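The values are calculated or read from the model by the stated rules, or taken from the named source; none is laboratory data. Please read all numbers here as calculations on a predicted model, not as lab measurements. A quick note on method: Cβ atoms are made from the backbone with ideal geometry, for glycine too, and the neighbour counts reach across all protein chains shown. All accessible areas refer to the heavy atoms of the entire protein, side chains included, with ligands and DNA or RNA removed. Shrake-Rupley method; radii C 1.70, N 1.55, O 1.52, S 1.80 Å.
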Amino acid sequence: MKRRQFLTLAASTAGAALLPQCASKRAVETLPQYFTSTDGLLDVTLDARYGAVNLANQRPFLLSYNNQVPGPILEAHPGDTVRIRLINHLTAPTNLHYHGLHIPPVEKGDNPFLEIPPGETFTYEFTLPENHPAGTFWYHPHKHGLVAEQVFGGLSGLFIVRSDLDQIPEIQAAQEAFLVLKDFEIDASRKIAPPPPIFQMWGREGQLITVNGQVNPNFSIPTDGLLRLRLLNASASRFYRLKLDEHPLHLIATGGGALAEPVELSELLLSPGERAEILVSGEREPGRYRLLNLPYDRGVTEMMNGMIERGMMEPRVDSAPQTLATFSYGDRVDPLPLPKQLIPVEPLPKPTQVRQFTLNHGIDHQTSAAFLINYKGFDPQRVDTSVPIDSIEDWEIINAASMNHPFHLHVHPFQVISRNGKSEPYRAWRDTVSIAGYETVRIRIHFKDFVGKTVYHCHILDHEDKGMMGILNVV
Ligand code: C2O
Ligand code: CU
Ligand code: CU
């Protein structure tokens, strides 16, 4: 059966989303629903609730959409209308953000200012532009002050846009897998353990690391063929430094969509909120290969050292690689080479304006925030940055401290121009970029299509909740 046919089938039976695993019964039972648009309409109900769900062969009490962690996979095409009924069965307000989608930041579109009270239902409705890039996007709650808790509690899901990238013959013929990376911390009563205050400072992490809600699941690489991985870091704070035993990673798309050609990497750093699409070539000896998460210090060691001196805590950076998933070789297919060309990534013209955004922690007495952009904490009443429509700007994101901050801008995709003055090795569209300690990253943005207010923030969600967010108004 061809992948396309399978997808259609999977959608119509609301069943198996993890295509490479579809043969395994156990895997199928734990797979999320897969909803695809039909006749130009994606029509879905997401029920946000608290209760016992399947996760890692346990039944912990989590926050979920439709009783599934991760949430259903949604799929649409450019030009489609998307209608999502969000039922809030939580005890707190919530909403939805469509991370990475290029859609209007208005009432029923990508509106992080909306608040849906407990017990109420809200129907989102928007149209994907005809020229929307193909890519791996996602949805999650964005109610300021509760984002870390709700995402860490389990709320998030993939949003796939299929278009030109998916029609490239080698990619169309590749087998496809979805990998949602997410960590949890479950206590003895099977509930999400509330993070100690210090963890909220550097961003909550859990010791239970899952891929699609499973511990070390299996994926199959077609022998002689290609496996396309769509990776999402849906963790509230954890970074993943990914490496696949004996296989290079052929990067074909970043968070904002396709690259111009595949880029070969030996490892890949995926910060919270980021996505990547990878081709794995089934050209090694059949066997089992581990997808590893290598140790990575996101700048907490320097922060902790100060605290250890003051007797406050033990160090807690993982020191050994962890196995996230296992890949084994499956059926032999007709030899499938890597594609040579993907989708052009046009360079952006020179900017008309350069702005600076300094990320730091401290105290803003006005908002009593601890995580700051340009020395201010988030204030929902204040517009921080006003930009005329159709302008091109360079934003210099300056990290004034030791911790990484993944900087994220809603609605308007950007290209990274340079890091510490050194230009990027390849051009790519992104919506999130990790800024290492004391690093300055220059991004270029064309505010091409949509006027209105939206936000930029650190995607370590505790930092966002604690003030590291600003309002952009495109006028
Ligand atoms: Cu995924 Cu404003 O965030
Ligand atoms: Cu976002
Ligand atoms: Cu941060």
Answer yes or no as to whether G467 is among the small types (G, A, S) and buried (at least 23 other Cβ atoms within 10 Å of the Cβ).
yes
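Being away from ligand 2 (no atom under 16 Å from the Cβ) and open to solvent by 40 Å² or more (accessible area, probe 1.4 Å) narrows it down to one residue among D364, D390; which is it?
Details: D364 fails: open to solvent by 40 Å² or more (accessible area, probe 1.4 Å).
Residue meeting the stated conditions: D390.
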Looking at (1) farther than 27 Å from A276 by Cβ; (2) away from ligand 1 (no atom under 16 Å from the Cβ); (3) aliphatic (A, V, I, L, M), which one does L114 not meet, given that it meets all the others?
(2)
From the list R442, R430, which residue is within 16 Å of ligand 2 (Cβ to nearest atom) and not aromatic (F, W, Y)?
R430
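Each row is one residue, and each column tells you yes or no for (1) more than 21 Å from the chain's Cα centre (by Cα); (2) away from ligand 1 (no atom under 16 Å from the Cβ); (3) among the polar types (S, T, N, Q).
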site: I392; (1), (2), (3): yes, yes, no
site: M403; (1), (2), (3): no, yes, no
site: L409; (1), (2), (3): no, no, no
site: R430; (1), (2), (3): no, no, no
site: A436; (1), (2), (3): no, yes, no
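Being outside the structural domain of E274 (by TED's automatic domain parsing), under 24 Å from R204 (Cα atoms), β-branched (V, I, T) and in contact (Cβ under 8 Å) with a residue 40 or more places away in the chain narrows it down to one residue among I363, I435; which is it? Reasoning before the result, please.
Details: I363 fails: in contact (Cβ under 8 Å) with a residue 40 or more places away in the chain.
That would be I435, the only listed residue that is outside the structural domain of E274 (by TED's automatic domain parsing), under 24 Å from R204 (Cα atoms), β-branched (V, I, T) and in contact (Cβ under 8 Å) with a residue 40 or more places away in the chain.
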Take the conditions of a type outside the set (A, V, I, L, M, F, W, C) and in contact (Cβ under 8 Å) with a residue 60 or more places away in the chain and apply them to Y426. Does it pass?
yes
May I ask you to list pairs of residues, at least six apart or on different chains, whose Cβ atoms are under 8 Å apart, with the first in the stretch 378-407 being in a loop (DSSP other than H, G, I, E, B) and the second being among the hydrophobic types (A, V, I, L, M, F, W, C) and open to solvent by 40 Å² or more (accessible area, probe 1.4 Å)?
P380/F113; P388/V475; I389/V451; I389/V475
Somewhere in the stretch 417-427, is a residue of a type outside the set (K, R), away from ligand 3 (no atom under 14 Å from the Cβ) and either within 24 Å of N111 (Cβ to Cβ) or in the same structural domain as P112 (by TED's automatic domain parsing) (or both)?
no
V53 fails exactly one of (1) more than 24 Å from G256 (Cβ to Cβ); (2) touching a His at 6+ places or on another chain (Cβ under 8 Å), namely (2)
Entirely in the stretch 116-211, the strands (runs of 3 or more DSSP E) that have 2 or more residues that are surrounded by fewer than 22 Cβ atoms within 10 Å (Cβ to Cβ):
121-127, 175-184, 208-211
Top-ranked residue of the stretch 59-86 - restricted to ones that are farther than 22 Å from N233 by Cα and touching a residue at least 60 places away in the same chain (Cβ under 8 Å), ranked as least open to solvent (accessible area, probe 1.4 Å)
P78
Go through the residues of the stretch 348-369 one by one and say whether even a single one is of a type in the set (F, W, Y), touching a Leu at 6+ places or on another chain (Cβ under 9 Å) and at pLDDT 95 or above.
no
